[in-house]
Every structure is written in structure tokens, then in C-alpha cells.
Amino acid sequence: MERPNPAIHVLGVLAGAGEYPRLMVEGAKRAGMRVVVAGFRGAVDKKLAEISDAFALFRVGALDAPRKFFQQHGVTHVVMTGQIKPACIYTMWPDATARRELAQLDRRNAHTIFTAVCNYVARHGMTMLPSTTFMEEVLPPPGHLAGPAPTPEQLEEARHGMQLAREIARLDIGQSLMMRGHEVACVEAYKGTNECIRNAGAPPVTLCKVTKPGHDMRFDVPCIGLRTVQHCANVGVNHIVFEAHRTILFQKQAVIDLCNKHNITLHAMDMPTDGISVPDPGHIPDDGEHALAMATALEQLGIGNSAVVCEGVVIAVSDPAGPLKCIRRAGAYMKRIRFVRLVNWLCRVLLGRPGTPPAPMVMRGTPNFTITPEVKKAAKKAGIELR
């Protein structure tokens, strides 16, 4: 897709948290673009107002007001940048327009919701650009970037990890996993990469980060920055490998310096074309059946045999450490937002828009998943329904 022409086009930026929106605005301004920023309240850095041509805040879940703001300022092209917390899937208050869009979705996850936003923008005459536009210089090609040169064993571990991560991404579980030798130490799910790093266990481990096959580059592009590297350093990760040309490397020199300081090997890799592949079950409306399909795929990949799902979103999956780790992770994810979900539902009841009560987390596994008394106790404490 061609870049917009600064002489006749205006760029609108839907901005979340992190440094991505700032880098996007700065890149667009260097290209001569007029930039209008619609920031998500509670997430975006308000200092963006100082470097943009127009700036306003909107709540997560609003569609109509940001669209009118963009049209008011003549926006012709739009990019989505920055982090929106996954919990927003459960806790956002959509406006009437967003409710209509969400009602048409069979399944609510980051991919389906952001695709709906892209389609909405297009219907109103604005072109949604890849979120890597004006950011091409921070998409590294293949090669070793920092730290000790990877050993043949590390390269083989990385190739195997990237193959497994590709399947995890294709199943909409996550974009990252941690490898210890040829064994998966932890799989990213609902909470994101940094939580996955913290739960990887004893070092040495390798972080593998990829995009989903056929990934829509208009949103949810994998990123690595100082925070990710610092998390890796804190837990003893000695190797970071990511997909070349499709992963944004923020503050490249600072990241390289930090990797060198902690002797962390950092390199970009083209995706291996071979490796194990599992069938994609597609959309499964029932959470229990969805969890079973994920557990079956995990077992075929040699990772684990159980999964936790809530409202179509994979919250956590088991790895060789067993189901108790999966239950603990899922309980930690949902603990903070369980009360908020209930309050939001009660507020909707009072406003005459009750919808359905918050669904429970559901855990299910393959025949090799054993529900022990310890598992039952942990699941009950975490608010997980075993099926």
C-alpha cells in the first residue's frame, strides 16, 4: 500500500499506550504529514498533543466520536498504534455504534474487534494503513543484532521455537513462547509477552516472538523494546529471537546496548517454512469446546494438554509444568477484572441494557488431562469451571 501524499492527505492516529504512538507521529511529521491524534483515555501519553496538529481523548469502546473528530479535521488515512489492554475486551463501555458493530461478531478477540474497526473506518471513506507505515526503519531484516553470536544449538532451538510459536499465533492463543532446549517453558496468552517471560521458570530460556500467518499488519504488530529486554534480563533469558521484517524494534540502539550489557543474544530470523502444523478448528462458540480444541492442538504440538477460555478468548494454556501453573496464571489474569465485569453488568442492568451476565472461565483438557483434587481446589479458588 502506498504512503499517503502529505500535499493532499491527512493522517489520523488511533493511539493507545506506550511509545509506539509517539514514534508514529514523529515519523509521519518527518514525512511532512499533518497528523491528528485520537487518544484512548487512561492509556495514551497526553504529551502527544504537543507534537500533533490536533489531539483529543476518547474512551475505549467509542467509535462514533473519534470518527467525527477525524472527519472534522479532514483525515483521509488512519493508523492504529499503541497498546490497548486485553482486559478492555471485557470491561469497555462501547457506544451505540460500537455495540452494533460488536453485535455482528461471532467471536470477540483482538483480531475480530480490530478488523471491525478497520471495516468501520473504510465505510466512512478513510483508508486504514498498516501500523508499520512511517516505521519501516524499525523493522529489522534477518541477522544477529546484539549480545554473543548465537551458537548452532541456539539457532536450532530458535527455529523449533519459531515453528511452534507460529502455530500458537495461528490458533489465536498468543504471539510468543519461551523455550528451554526443545521444551516449551511457557506460552503467551491473554496477558501478553512480559507475563509469559516472568512465568518461564529457571534460565537459560529463549524468547520466540512471531506474527500470525497471514497477519493483518494494520493492527497488533509484535514489538520489542527496552521493557521487554529488561524483563528478560530480570529472569535470566539469554536469547531473544523475533520474526524479521514483521517485528518493530523500539529504541534500537538502547535495546542493543541493554542486550550487550546482560549478554542477551538478540537476532531477527525469517520464519522457517517447515515444521509441525495442526488443524485450525475455526470459530467455536462454546467455551468448553473451544478449550478442548486448544488443548488437543497443544497436545499435538507437544506443549500441554489443557486450556482455559472465557468468552472466546484463550486466557491461559498448560505447558510441561502442568495444569496448576495454567490455573494460577488464569486466576491472576482475571482477578482484577472479575469485579469490574460484574459492576459493568449491574450498571447495564440499571440502565436497561443488561445483555448477558459475565461468563465464567472454563477449563478443559484432552483425555490425558487428569482432574486431581488439587486441580479441583485450585480451579475453584481461581473461579474456573472444570468441564
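The values are calculated or read from the model by the stated rules, or taken from the named source; none is laboratory data. Since the model is a prediction, treat every value here as computed from it, not as a measurement. Quick reminder, even Gly has a Cβ in these numbers, built from the backbone with ideal geometry, and neighbours come from all protein chains shown.
In this structure, is M162 modelled with pLDDT of 90 or more, in contact with an Asp or Glu (Cβ under 8 Å, 6 or more places away or on another chain) and aliphatic (A, V, I, L, M)? Considered against the rule, which asks whether it is modelled with pLDDT of 90 or more, in contact with an Asp or Glu (Cβ under 8 Å, 6 or more places away or on another chain) and aliphatic (A, V, I, L, M), M162 comes out as yes. For the stretch 296-323, a residue qualifies if it is assigned to a helix (DSSP H, G or I) and over 14 Å from F369 (Cα atoms), and exactly one does: L301. One residue alone among V255, V235, V278, V205 is within 27 Å of P320 (Cβ to Cβ) and buried (at least 22 other Cβ atoms within 10 Å of the Cβ), and that residue is V205. Cβ-Cβ distances below 6 Å connect the following pairs, each with a first residue in the stretch 21-36 that is under 12 Å from L48 (Cβ atoms), a second residue that is assigned to a helix (DSSP H, G or I) and of a type in the set (V, I, T), and a separation of six or more residues or different chains: V35/V25. For the stretch 291-300, residues that are closer than 13 Å to P279 by Cα and crowded, with 20+ Cβ neighbours inside 10 Å total 5.
Among the residues making up the stretch 183-208, a single one is among the charged types (D, E, K, R), under 16 Å from the mean Cα position of the chain (by Cα) and within 18 Å of L298 (Cα to Cα): E188.
For the residues V75, V37, the requirement of being modelled with pLDDT of 95 or more, part of a loop (DSSP other than H, G, I, E, B) and among the hydrophobic types (A, V, I, L, M, F, W, C) singles out V75. Tallying residues that are among the hydrophobic types (A, V, I, L, M, F, W, C), farther than 11 Å from V205 by Cα and modelled with pLDDT under 95 within the stretch 226-243 yields 1. Return yes or no: is H262 touching a Leu at 6+ places or on another chain (Cβ under 7 Å) and not hydrophobic (A, V, I, L, M, F, W, C)? No: the conditions fail for H262.
Selection of the stretch 246-277 for residues being out of contact with any Phe, Trp or Tyr (no Cβ under 7 Å at 6 or more places or on another chain) and small (G, A, S) yields A254, G275, S277. Scanning the stretch 327-341 for residues being over 14 Å from K380 (Cβ atoms), charged (D, E, K, R), modelled with pLDDT of 75 or more and surrounded by fewer than 18 Cβ atoms within 10 Å (Cβ to Cβ) gives a total of 0. Taken residue by residue, the stretch 254-277 has at least one member that is outside any helix (DSSP H, G or I) and without any contact (Cβ under 8 Å) to a residue 24 or more places away in the chain. Is one or more of the residues making up the stretch 149-157 among the polar types (S, T, N, Q), surrounded by fewer than 17 Cβ atoms within 10 Å (Cβ to Cβ), assigned to a loop (DSSP other than H, G, I, E, B) and without any contact (Cβ under 8 Å) to a residue 60 or more places away in the chain? Yes. Annotation: D286 fulfils all but one of (1) loosely packed, with under 15 Cβ neighbours inside 10 Å; (2) within 21 Å of K212 (Cβ to Cβ); the unmet one is (2). In the stretch 208-228, the residues that are acidic (D, E) form Cβ pairs under 7 Å with partners that are part of a helix (DSSP H, G or I), at six or more places apart or across chains, as follows: D216/T115; D220/A110; D220/F114.
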